[in-house]
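Please treat every number below as a calculation from the coordinates, not as lab data. The structure displayed is predicted, hence computed values, not measured ones. Using ideal geometry, Cβ is built from the backbone for each residue, glycine included, and neighbour counts are taken over all protein chains shown.
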Ligand code: GDP
């Protein structure tokens, strides 16, 4: 579909544990201009400030089947001030289902929650979609650093839990 050609971005995240190294591929998807690159740089900056050992590798590329290869986590992003972005979330979810394993940890992210005065999508709508689709859900602001760290951490924690469970 043509909607894909306008979107890009990928975040690779490397996490270092107690003597063990994990490389998790996490992607940010969603329409253009919803704030994917800002969310990623906000997360990366905070990780850096916290003196974390995490290495963030950022790559920008077209969304192709290769983009989804080995993905274990996804942030599906919309802009709360743009109804059209929210309306296309289902298409992004279908896209993930087509290319990825069903075990991919998914979080729905309603970004730009600082734009309360021009909000077009309510918190309740986000919540009901997450319940319907069995996703995590969070509203964020990359501009004000609200819930950005938490959103990534929810995904990373869940992935880590799944990895540990498999190792048992
Ligand atoms: P992408 O195309 O999805 O990667 O979007 P960008 O990260 O490039 O952001 C697109 C535009 O939205 C830029 O002008 C950002 O400054 C703005 N933006 C991103 N995140 C936020 C946010 O949380 N709040 C507000 N008000 N603007 C944001």
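Data for the structure
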item: Residue order, fewest to most beta carbons within 10 Å, for 129, 143, 108; result: 143, 129, 108
item: Potential lengthening between residue 94 and residue 167 on full extension [0.36 nm per residue; Cα-Cα distance subtracted]; result: 23.4 nm
item: Rounded, prolate or oblate (a/c below 1.5 giving rounded, otherwise prolate when a/b exceeds b/c) for the stretch 43-168 by Cα gyration tensor; result: oblate
